[in-house]
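J.: Next up is a structure, given as C-alpha cells.
The values are calculated or read from the model by the stated rules, or taken from the named source; none is laboratory data. These numbers were taken from a predicted model, which means no experiment stands behind them. Cβ placement follows ideal geometry from the backbone for every residue including glycine, while neighbour counts extend to all protein chains displayed. With ligands, DNA and RNA removed, areas are computed over all heavy atoms of the protein, side chains included. Shrake-Rupley method; radii C 1.70, N 1.55, O 1.52, S 1.80 Å.
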Amino acid sequence: MPQQVQGVIARAKGAAVEIATITVPDPGPGEAVVRVQACGVCHTDLHYREGGVNDEFPFLLGHEASGTVESVGEGVTEVAPGDFVILNWRAVCGECRACERGRPQYCFNTHNAKQRMTLEDGTELTPALGIGAFAEKTLVAAGQCTKVDPEASPAAAGLLGCGVMAGIGAAINTGNVTRGDSVAVIGCGGVGDAAVMGARLAGASKIIAVDVEDRKLDTARGLGATHTVNSRTTDPVEAIRGLTGGFGADVVIEAVGRPETYEQAFYARDLAGTVVLVGVPTPEMRVDLPLIDVFGRGGALKSSWYGDCLPSRDFPMLIDLYRQGRLDLDAFVTETIALDEVERAFTKMHDGDVLRSVVIL
C-alpha cells in the first residue's frame, strides 16, 4: 500500500525549500521503490528551485543518490529488493534509433516512473530529473536503478548519479582522453574537478586546471592537476599554450557554461584538438566565433550530456575503481547533512564553499 515519507520540496519559484509529507505509491509495472540512503546537493536542484528548468511546481528535489531497492513492480528483472543501487536519470529504452544502432548512451527516449508521487492533499509532484531523492523513499523507473557493490559508501557512490559522472565522462567518454594527452579543465567546481580526476584516470600526461579562486585550484591539484592557472590574474589561453609548447591542449574541457570561458576553451586547444562543453549554459547565452577559425582549426567541438555515460557500464566499473583505491570519490564529500539542511547547503554551494554537501537519510 502507499507509504508516507518526509521529503524536500520546492513549492514556488525562488521560495525556500521545505520539508513535506510525501505519498509514495506501490511500484507499478517497470517501477521500483528505493529507500534512499544518501543524496548529493547538486546545482541542478537549485536550478529547479529557481524555475530554471521548467515551471512544473511543486518539485520533489534531489537526484544524485544511492539507496536500497525496497520493492519492484511487475516485469522488473534487472534489480530486486535488497540490491544496493545508484539512481540515474538515463534509463535507456532499448528501442530508439540510438539504442538500435548500438549507442544506448545517447538514448533519445529515456524514461521515468509513470506514476506520480504526491503531497498529502493529492497534489502531484514533479521529481527532479525524474528521481526526487531528497526523500526517505522514492519511486523511479527500474531502469533508473544501477546495481553496484554494496560495500561502497552510499555518500560517495551516489555522486556518480550526476555531477561526478558528468565530469569523469566528459574526459573519458566525450573527450576520449588517452595516455600522453594534454588536458585543460576550465572551471574547478565539482564537475570540473571530476574531469581532472577522469583525465588522470585516463593517463593524461599534463592536466591544467583553470579557475579564478586559488583554493579551488589547490583542490584540483590534490585531485590530479599537474599545473594550475588563476584566470583572474593570468590570460588562460596564453598560459595553457605556454604549458603545451605553444600549441594548446589536446583536449580542453569547459566546465563553467559561459560564452567567455567557451571562447577561451576554443582558442586554448591545439590544432585538431577537442573542446568539450560540460558546463550548463542558460538559454539566452550565445557564442560568436569567426567561422574561418572554426574551419581552420579543425578538430572537434562537443557537448557532453551526463558525461555520455551508460550507467549499466560505467557505474559498476567506477565503483570497482573506488573500492580498489584508484578513484577517490570520498574527496568530493565535503560534508554530510540532514534533510532540513538542504536550503543552507544551497547557500554554501552558491558561495563555492563545498564540492558536495550530501544528505544522509
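J.: Applying 1/(1 + (r/R0)^6) with R0 = 25 Å to the Cβ-Cβ distance of THR123 and GLU70, what FRET efficiency is obtained, to the nearest 0.05? Don't skip to the end; give the middle numbers.
T.: Working: r = 24 Å, r/R0 = 0.95.
Step by step, r from the Cβ atoms, then E = 0.60.
J.: What does the charge add up to near ALA345, with Lys and Arg as +1, Asp and Glu as -1, over the other residues with Cβ less than 10 Å from its Cβ?
T.: Numbers: positive: ARG344, LYS348, ARG356; negative: ASP45, GLU335, GLU341, GLU343, ASP353.
Local net charge: -2.
J.: Could you tell me which trypsin sites (Lys or Arg not before Pro) in region 41-111 are loop residues by DSSP with no more than 14 other beta carbons within 10 angstrom of their beta carbon?
T.: Here the sparse-neighbourhood loop sites are ARG101.
J.: Any idea of the accessible area per residue across region 1-157, 1.4 Å probe, to the nearest Å²?
T.: 41
J.: Express in whole angstrom the spacing between the alpha-carbon centres of region 60-74 and region 238-282.
T.: 37
J.: Please give the FRET efficiency for HIS47 paired with SER205, using the beta carbon to beta carbon distance and R0 = 30 Å, rounded to the nearest 0.05. Intermediate results must be reported in sequence, preceding the final value.
T.: Numbers: r = 36 Å, r/R0 = 1.19.
Approximately 0.25, to the nearest 0.05.
J.: Have a look at PHE315, PHE247, PHE346 and tell me which one the Gaussian network model of the chain (Cα, springs below 10 Å) gives the largest fluctuation.
T.: It is PHE247.
J.: I'd like the trypsin sites (Lys or Arg not before Pro) in region 310-361 restricted to DSSP loop residues with at most 11 other Cβ atoms within 10 Å, sorted by number.
T.: Loop-located and lightly packed - ARG326.
J.: A further question follows. Along the charge dipole of region 21-80, which of SER71, HIS43, PRO29 sits closest to the positive end, that is, farthest toward it, with unit charges on the beta carbon of Lys, Arg, Asp and Glu (+1, +1, -1, -1)?
T.: Going by the charge dipole, the pick is HIS43.
J.: Let me ask something additional. Quick query: amide H of ALA249 versus all other amide H atoms, modeled in the peptide plane; which residues come in under 5 Å with a sequence gap of 5 or more or a different chain?
T.: ARG269, ASP270
J.: Same structure, new question: Could you sort MET285, MET165 by their accessible area in this structure, using a 1.4 Å probe and putting the largest first? Present the calculation step by step, with values, prior to reporting the outcome.
T.: Working: MET285 50, MET165 5 Å².
Order by accessible area, largest first: MET285, MET165.
J.: In addition: Shape verdict for region 28-175, please, from the Cα gyration tensor: rounded (a/c under 1.5), prolate (a/b greater than b/c) or oblate.
T.: Here region 28-175 falls in the rounded category.
J.: Report, in debye and to the nearest 20, how large the dipole of region 250-361 comes out about its Cα centre when Lys and Arg carry +1 and Asp and Glu carry -1 on their Cβ.
T.: For this selection, approximately 340 debye.
J.: Further, regarding this structure: What ranking do 13-19, 124-130, 167-173, 70-76 get when scored by the average of other Cβ atoms within 10 Å per residue, highest first?
T.: 167-173, 124-130, 70-76, 13-19
J.: Dipole magnitude of region 11-118 about its Cα centre, charges +1 at Lys/Arg Cβ and -1 at Asp/Glu Cβ only, in debye to the nearest 20?
T.: 300
J.: In addition: Roughly how many Å² is the accessible area per residue of region 261-361, as a whole number, for a 1.4 Å probe?
T.: Each residue of region 261-361 exposes 51 Å² on average to a 1.4 Å probe.
J.: Along the Cα→Cβ direction, 7 angstrom out, place labels at ASP353 and MET285. What is the inter-label distance in nm?
T.: Distance between label points: 2.5 nm.
J.: Any idea what angle helix 311-323 forms with the longest principal axis of the chain, computed on alpha-carbon atoms, 0 to 90 degrees, nearest 10?
T.: 80
J.: Tell me, what is the FRET efficiency for ASN54 and THR234 to the nearest 0.05, using R0 = 45 angstrom and their Cβ-Cβ distance as r? It would help to have the intermediate numbers written out before the result.
T.: Values: r = 39 Å, r/R0 = 0.87.
Rounded to the nearest 0.05, the efficiency is 0.70.
J.: Run the reach check for LYS216 against aspartates and glutamates, Cα to Cα strictly under 20 Å, same-chain hits fewer than 8 apart removed. What comes back?
T.: ASP193, ASP235, GLU254, GLU260, ASP328, ASP330, GLU335, ASP351, ASP353
J.: Could you size up the charge dipole of the chain around its Cα centre, putting +1 on the beta carbon of Lys and Arg and -1 on that of Asp and Glu, and report it in debye to the nearest 20?
T.: Dipole size: approximately 880 debye.
J.: Of the cross-linked pairs LYS147/LYS348; LYS13/LYS137; LYS114/LYS302; LYS137/LYS302; LYS13/LYS348, which ones have a Cα-Cα span greater than 26 Å in the structure shown?
T.: Values: LYS147/LYS348 31 Å; LYS13/LYS137 24 Å; LYS114/LYS302 32 Å; LYS137/LYS302 36 Å; LYS13/LYS348 19 Å.
In this structure, LYS147/LYS348; LYS114/LYS302; LYS137/LYS302 exceed 26 Å between Cα atoms.
J.: Once you order the gyration tensor axes a ≥ b ≥ c over the Cα atoms, which shape class does region 179-320 get: rounded for a/c under 1.5, otherwise prolate or oblate by comparing a/b with b/c?
T.: In terms of gyration-tensor shape, rounded.
J.: Also, I was wondering about something else. Name the residue farthest towards the positive end of the dipole of region 317-361 from the options GLN324, ALA338, HIS350, assuming +1 on Cβ of Lys and Arg, -1 on Cβ of Asp and Glu, about the Cα centre.
T.: GLN324
J.: Let me ask another. Which whole-Hz ³J(HN,Hα) couplings does region 20-30 yield from phi under the Karplus relation 6.51 cos²θ - 1.76 cosθ + 1.60, θ = phi - 60°, glycine and proline marked x?
T.: Those phi angles translate into 9, 7, 10, 9, 10, x, 4, x, x, x, x Hz.
J.: Compute the Cα gyration tensor for region 266-361, then decide on rounded, prolate or oblate, letting a ≥ b ≥ c be the square roots of its eigenvalues: rounded whenever a/c is under 1.5, prolate when a/b is larger than b/c in the other cases, and oblate in all that remain.
T.: Oblate is the answer for region 266-361, as a/c is 1.5 or above yet b/c matches or exceeds a/b.
J.: For region 108-190, which whole-number percentage of the solvent-accessible area (1.4 Å probe, protein heavy atoms only) is attributable to carbon and sulfur atoms?
T.: Details: 1150 of 2690 Å².
Accessible surface attributable to carbon and sulfur in region 108-190 totals 43 percent.
J.: In the P(r) worked out for region 217-300, what percent of Cα pairs fall beyond 14 Å?
T.: 67
J.: What distance in nm separates the simple spin-label points at THR77 and GLN4, each placed 7 Å from Cα in the Cβ direction?
T.: Using points 7 Å along Cα→Cβ, the separation is 3.9 nm.
J.: What percentage of the solvent-accessible surface of region 206-336, computed with a 1.4 Å probe over protein heavy atoms, is contributed by carbon and sulfur atoms?
T.: On region 206-336, the fraction of accessible area on carbon and sulfur atoms equals 52 percent.
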